[in-house]
Amino acid sequence: MKKLYLVALSIAVISLVVLAACVPFPFGGPAPGQQPYPYGPGGGMGPGMMGGRGGMMGGGGMMGGGWGNYNPDPNAKPITIDQAADAVRLYLNAYGRNLVLAEVMDFAWNYYAEIEEEDTGIHAMELLIDKYTGRVSPEMGPNMMWNTKYSPMGGMMGNYGGGSPTANMPVTPDRAKTLAQQYLDANLAGLTVAEVDTFYGYYTLHTLKDGKLEGMLSVNGYTGAVWYHTWHGPFLGMKEYE
């Protein structure tokens, strides 16, 4: 009996250590002026935490997959950006008619899609599409941890506003843009931020290098924490949809 107790205790301790390693920071990222991440800005252990390029803990992605590109056939060709858009629309059928595809961005490691509420214009969620299988899954990071309306984990890491989900947050869009630029100046010098997209609980902003789109980061609407998206790879192109 004592041995079983010690084994169970050891498993619990190991699980806590692994969980701690997988959570980037208590609120998803250091606020500007705080100590930056030791292994990569905003993403725990850099691109692909604990192994995988586009996903956590290697493989094709944790919690439903689709965070990276698993391609067993070296001769396979990636799907097109329009095919990725079709896969997203099919995925959105489960949510009803109010959610629409706003844009798809083509990165080296995945396709990325932004979804809007048709009636409010507020951004609803961020999705990743595997470039070879077309599999669609919720994006990790802010979309899962900070999204207070469309993620079951919403608010776990940074929203203390309580009440009904809202896009009117203590950190304003202008303040979010300032915080984002401060973060880039301190951690990724040479990058600038573009427009602010408002989600429930946070903002996502495109990042620019020499005036050209490079990637993106998110800012928590309650804490001001900044989380740079490290899991996309180089930017290749984008297409907007209506």
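The values are calculated or read from the model by the stated rules, or taken from the named source; none is laboratory data. Because the structure is predicted, anything quoted here is derived from the model rather than measured. As a convention, Cβ positions derive from the backbone with ideal geometry for all residues, glycine included, and neighbour counts pool all protein chains shown.
General observations
- Count - residues of the stretch 103-138 that are in a loop (DSSP other than H, G, I, E, B), closer than 23 Å to Ala76 by Cβ and acidic (Asp, Glu): 1
- Residue within the stretch 205-212 that is within 17 Å of the chain's Cα centre (by Cα), in a loop (DSSP other than H, G, I, E, B) and touching a residue at least 24 places away in the same chain (Cβ under 8 Å) present: no
- Subset of the stretch 107-123 that is in contact (Cβ under 8 Å) with a residue 60 or more places away in the chain and surrounded by fewer than 20 Cβ atoms within 10 Å (Cβ to Cβ) - its residue that is nearest to Gly237 (Cα to Cα): Ala108
- Some residue of the stretch 169-183 being in contact with a Leu (Cβ under 6 Å, 6 or more places away or on another chain) and farther than 30 Å from Pro74 by Cα: yes
- Filter result for the condition that a residue is of a type in the set (A, V, I, L, M, F, W, C) and at pLDDT below 95, over Met157, Met125: Met157
- Gly66 being buried (at least 20 other Cβ atoms within 10 Å of the Cβ), farther than 23 Å from Phe199 by Cβ and at pLDDT below 95: no
- Residue within the stretch 228-241 that is more than 29 Å from Ala108 (Cβ to Cβ) and either touching a Gly at 6+ places or on another chain (Cβ under 8 Å) or modelled with pLDDT of 95 or more (or both) present: no
- When residues in the stretch 78-102 are screened for being closer than 18 Å to Leu236 by Cα and either aromatic (Phe, Trp, Tyr) or surrounded by 13 or more Cβ atoms within 10 Å (Cβ to Cβ) (or both), 8 of them pass.
- Residue that is in a loop (DSSP other than H, G, I, E, B), surrounded by fewer than 20 Cβ atoms within 10 Å (Cβ to Cβ) and not small (Gly, Ala, Ser), where the choices are Thr166, Thr223, Thr178, Thr192: Thr166
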